[in-house]
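Report on the following structure.
The values are calculated or read from the model by the stated rules, or taken from the named source; none is laboratory data. Keep in mind it's a predicted model, so treat the numbers as computed, not measured. For neighbour counting, all protein chains shown are included, and Cβ atoms are generated from backbone atoms with ideal geometry for every residue, glycine included. Side chains included, ligands, DNA and RNA excluded: accessible areas come from the protein's heavy atoms. Shrake-Rupley method; radii C 1.70, N 1.55, O 1.52, S 1.80 Å.
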Amino acid sequence: MLHLLESAPQVPVLATVWFCLVAVLWLGYFFLEGFDYGVAMLIPVLGKNDKDKRVIVNTIGPVWDGNEVWLLTAGGAMFAAFPGWYASLFSGLYLPLLLVLVGLILRGVAFEYRSKHPDTRYRNMLDWFATIGSFLPSLVFGVGFANFIIGLANDNLLWNGSFWGLFGPFALLGGVMLVTLFLVHGSAFIALKTKYEIHERAEAFGGKAGIVATVLVAAFVLCQNIFYPANSEFGDFTVAAWICGILAIVCIAGATLMIRKGRDGWGFILTGATILTLFIGIFIKLYGNLGFAQDTTVAATERLNIITAASSETTLTIMMWAAIIFVPIVLAYQCWSYWVFHRRISTKNIPDEVEPAA
């Protein structure tokens, strides 16, 4: 360990700052879009009729597209701050990213066009579009970040693995875990935003699914920290990763308990805290290597890592000032939009369909 500390590559301060900012953007995306995905995946589960489904969709109707912007911002920040990281991931992993894109397209079509035609079969088809379109990104991101923890195979510049090689046991555990966690997060949000029957169904589902999510999160955290500890030439962050993982387990267990007791607000806060602590632990593991396996026999300046992938200091400085000015504005606007649409809704708030004139 002393040898690692003595020979640790010197990471520029601004590169570290921007790695943290990129991580914050991904954390915001998973927290906000996580319940979006969960809500959409629960449409066919909790919605017993068209009014029920309309209520479920309306819980995220005003915010889902704004939440997706966090993904665009995270990708844009990666492109500007770490072009080498962005280029390697987006060129090498184009098939998984295509699945994410297909899912996002299906979601957008479903939410925008569901109300355009009263036919039940048409709406059911779009509801499944929303469900499948939410399941695909959740699964892909879970599998993807599990592979980042393992370390992507590469030639010191680009990923050179196979598509099917991404679906190992730990990667599949990550995919199933994230889907289940988003389902619980979504059920907590539905319970928080609705009344009467749908509220009760969401609580019942969240209480049961939370037990499964607790087991999966615990298994994921244990495998991550035992088999892929956060210890590299860039520093030993093993303790920090363990702390984040344990906090994630405690939070999801607490969220399950709160949902079962009808404490919807605490249930939602704790599922969100689970996502945040879980991904903080993941990004701690990614610090320095950016999710790529490192060949330490090659000089750090000759392989893909946080040093070689980063933009120039001038670029990072300009971006820093832009972030200081605009990020608070965006956060304030998003908080305001959530406040405007904070009230609970139910089927009593949904008007009956009016038959079109002959």
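Observations on the model:
- Selection count, the stretch 64-87, where residues are touching a helix residue (DSSP H, G or I) at 6+ places or on another chain (Cβ under 8 Å), open to solvent by 10 Å² or more (accessible area, probe 1.4 Å) and within 19 Å of Gly38 (Cα to Cα): 6
- Residues in the stretch 230-245 that are under 30 Å from Thr301 (Cβ atoms) and free of Cβ contacts under 8 Å to residues at least 40 places away in the same chain were compared, and the one that is surrounded by the most Cβ atoms within 10 Å (Cβ to Cβ) is Thr238.
- Note on the stretch 293-313: among residues that are part of a helix (DSSP H, G or I) and open to solvent by 40 Å² or more (accessible area, probe 1.4 Å), the one that is farthest from Asn156 (Cα to Cα) is Glu313.
- All of Gly210, Gly262 fail the test of being under 19 Å from Phe35 (Cβ atoms) and at pLDDT below 95, apart from Gly262.
- Check on His199, assigned to a helix (DSSP H, G or I) and open to solvent by 20 Å² or more (accessible area, probe 1.4 Å): yes
- Where Phe19 falls short, out of the listed (1) over 27 Å from Phe182 (Cα atoms); (2) buried (at least 20 other Cβ atoms within 10 Å of the Cβ): (1)
- Residue check, Phe90 aromatic (Phe, Trp, Tyr) and crowded, with 18+ Cβ neighbours inside 10 Å: no
- Looking only at the stretch 314-329, and only at residues there that are among the aliphatic types (A, V, I, L, M) and free of Cβ contacts under 8 Å to residues at least 12 places away in the same chain, the one that is nearest to Asp155 (Cα to Cα): Ile318
- Number of positions in the stretch 298-313 that are of a type in the set (Gly, Ala, Ser) and at pLDDT 90 or above: 4
- The single residue among Leu222, Leu216 that is open to solvent by 10 Å² or more (accessible area, probe 1.4 Å), touching a residue at least 40 places away in the same chain (Cβ under 8 Å) and farther than 30 Å from Arg54 by Cβ turns out to be Leu216.
- Positions within the stretch 35-44 being open to solvent by 10 Å² or more (accessible area, probe 1.4 Å) and modelled with pLDDT of 95 or more, in sequence order: Met41
- One residue stands out among those in the stretch 247-261 that are aliphatic (A, V, I, L, M) and either touching a His at 6+ places or on another chain (Cβ under 6 Å) or buried (at least 20 other Cβ atoms within 10 Å of the Cβ) (or both): the one that is farthest from Gly207 (Cα to Cα), which is Ala248.
- Boolean, Ala248 is of a type in the set (Gly, Ala, Ser) and free of Cβ contacts under 8 Å to residues at least 40 places away in the same chain: yes
- Residue among Leu316, Leu290 that alone is within 17 Å of Val24 (Cβ to Cβ), assigned to a loop (DSSP other than H, G, I, E, B) and at pLDDT 90 or above: Leu290
- One residue from Gly207, Gly265 being in a helix (DSSP H, G or I), surrounded by fewer than 17 Cβ atoms within 10 Å (Cβ to Cβ) and among the small types (Gly, Ala, Ser): Gly265
- Apart from one condition, Ala146 fits all of (1) in contact with a Phe, Trp or Tyr (Cβ under 7 Å, 6 or more places away or on another chain); (2) surrounded by fewer than 21 Cβ atoms within 10 Å (Cβ to Cβ); (3) small (Gly, Ala, Ser); (4) at pLDDT 95 or above; the exception is (2).
- Positions within the stretch 152-181 being modelled with pLDDT under 95, within 19 Å of the chain's Cα centre (by Cα) and open to solvent by less than 40 Å² (accessible area, probe 1.4 Å), in sequence order: Leu166
- Only listed residue being part of a helix (DSSP H, G or I) and either without any contact (Cβ under 8 Å) to a residue 24 or more places away in the chain or among the aliphatic types (A, V, I, L, M) (or both), chosen from Leu157, Leu192: Leu192
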